[in-house]
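This structure is in structure tokens; I'll ask about it shortly.
The values are calculated or read from the model by the stated rules, or taken from the named source; none is laboratory data. Values in this document were obtained by computation on a predicted structure and should not be read as measured data. Backbone-built Cβ (ideal geometry, glycine too); neighbour counts: all protein chains shown. These accessible areas exclude ligands, DNA and RNA; they are computed on the full protein's heavy atoms, side chains included. Shrake-Rupley method; radii C 1.70, N 1.55, O 1.52, S 1.80 Å.
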Amino acid sequence: MIVTIDGPAGSGKGKIAKYISNKWGFKHLDSGILYRNLAYKILKSQIDIKSTTEIKEIMKEQKNISFRNYKRLRSEKVSKIASIIATHKFVRDHINKFQRNFVNFNKKNSHFVIDGRDIGSVVFRNAELKLYIDVSEQNRAKRRYKQLIDSGEKSIYRQILKDIKLRDKKDKNRSVSPLVIPSGAIIINNNGNFLRTANQINKLIRNI
Ligand code: C5P
């Protein structure tokens, strides 16, 4: 069984996916980490982000991508590069293939909860349950600001809100796999109390 969770930056997809993973014993795949991993490698190697040839070179070296959530992958710099490289079809094809292979390889022993921007709309269109998480820009910026401060990064709320708007614009307007509400997805309003969101989702999973 596959549950997909799509939604914009800072909507709480990761928290919801982790909750489902713990509560229901599903394997959690955070597809954003795959984009962040590649972005981090690009940042480290100081290649020209506009050069698709150089990005392809780095991808060649990256045979096995880790789903582990290292702190170094969460910085705003990495977020920005991730959303830029995510506009390239060749990057998305590479990462989608990796996700599908991973699920195929492990599907005998596991159910999955997978979060990202295109999981229900492109990568796993036939998933048993598709969720789309909806939260206002302001609430997302507030949560992201708190996350960064708590993890010890310097942060300015107004800048975070600006960055969130920019990432939304990039994610929603790119020509390849833009962020959309996947067909058949259930929209979850995650502006309020997490417990309410969790109860709503548990009911949906029980009814699959
Ligand atoms: O979800 P997260 O913020 O970690 O993702 C980092 C970036 O990777 C996003 O801003 C988005 O541009 C890109 N991404 C994507 N498709 C996914 C997951 C992430 O385009 N399935």
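Here are some residues: 130, 169, 146, 154. Which one is of a type in the set (Lys, Arg), farther than 22 Å from residue 29 by Cα and in contact with a helix residue (DSSP H, G or I) (Cβ under 9 Å, 6 or more places away or on another chain)?
Result of the check over 130, 169, 146, 154: 154.
Mind listing whichever residues of the range 83-104 are open to solvent by less than 20 Å² (accessible area, probe 1.4 Å) and within 13 Å of the ligand (Cβ to nearest atom)?
83, 85, 86, 91, 92, 95, 96, 99
As an exercise: evaluate residue 64 against (1) away from the ligand (no atom under 12 Å from the Cβ); (2) modelled with pLDDT of 95 or more and give the number of the one condition it does not meet.
Exception for residue 64: condition (2).
Condition test on residue 42, is it open to solvent by less than 20 Å² (accessible area, probe 1.4 Å) and over 30 Å from residue 206 (Cα atoms)?
Criteria met by residue 42.
Testing residue 80 on (1) more than 18 Å from residue 115 (Cβ to Cβ); (2) modelled with pLDDT under 95; (3) within 13 Å of the ligand (Cβ to nearest atom); (4) open to solvent by less than 50 Å² (accessible area, probe 1.4 Å), one condition comes back false. Which one is that?
(4)
Okay, moving on. Output yes when any residue across the range 120-138 is open to solvent by 30 Å² or more (accessible area, probe 1.4 Å), more than 26 Å from residue 41 (Cβ to Cβ) and part of a helix (DSSP H, G or I), and no when none is.
Checking the range 120-138: at least one residue is open to solvent by 30 Å² or more (accessible area, probe 1.4 Å), more than 26 Å from residue 41 (Cβ to Cβ) and part of a helix (DSSP H, G or I).
Could you grab the pairs with beta carbons closer than 6 Å, sequence gap of 6+ or different chains, first residue in the range 17-35 and of a type in the set (Ser, Thr, Tyr), second one outside any helix (DSSP H, G or I)?
21/28; 21/113; 31/116; 35/86
Of everything in the range 105-119, what is more than 8 Å from the ligand (Cβ to nearest atom) and open to solvent by less than 10 Å² (accessible area, probe 1.4 Å)? Give them in sequence order.
112, 113, 114
Also, I was wondering about something else. Kindly list, by first and then second residue, each pair from a residue in the range 145-161 that is more than 15 Å from residue 79 (Cα to Cα) to a residue that is assigned to a helix (DSSP H, G or I) and not charged (D, E, K, R), limited to pairs with Cβ atoms under 7 Å and residues at least 6 apart or on different chains.
157/141; 157/145
Please work out which one of (1) of a type outside the set (S, T, N, Q); (2) assigned to a loop (DSSP other than H, G, I, E, B); (3) more than 21 Å from residue 148 (Cα to Cα) is the condition residue 67 fails and give its number.
(3)
Under 8 Å between Cβ atoms, at least 6 apart or on separate chains: pull out the pairs that start in the range 162-173 with a residue that is loosely packed, with under 13 Cβ neighbours inside 10 Å and end on any residue that is of a type in the set (A, V, I, L, M).
Listed pairs, sorted by first residue: 172/179; 172/180.
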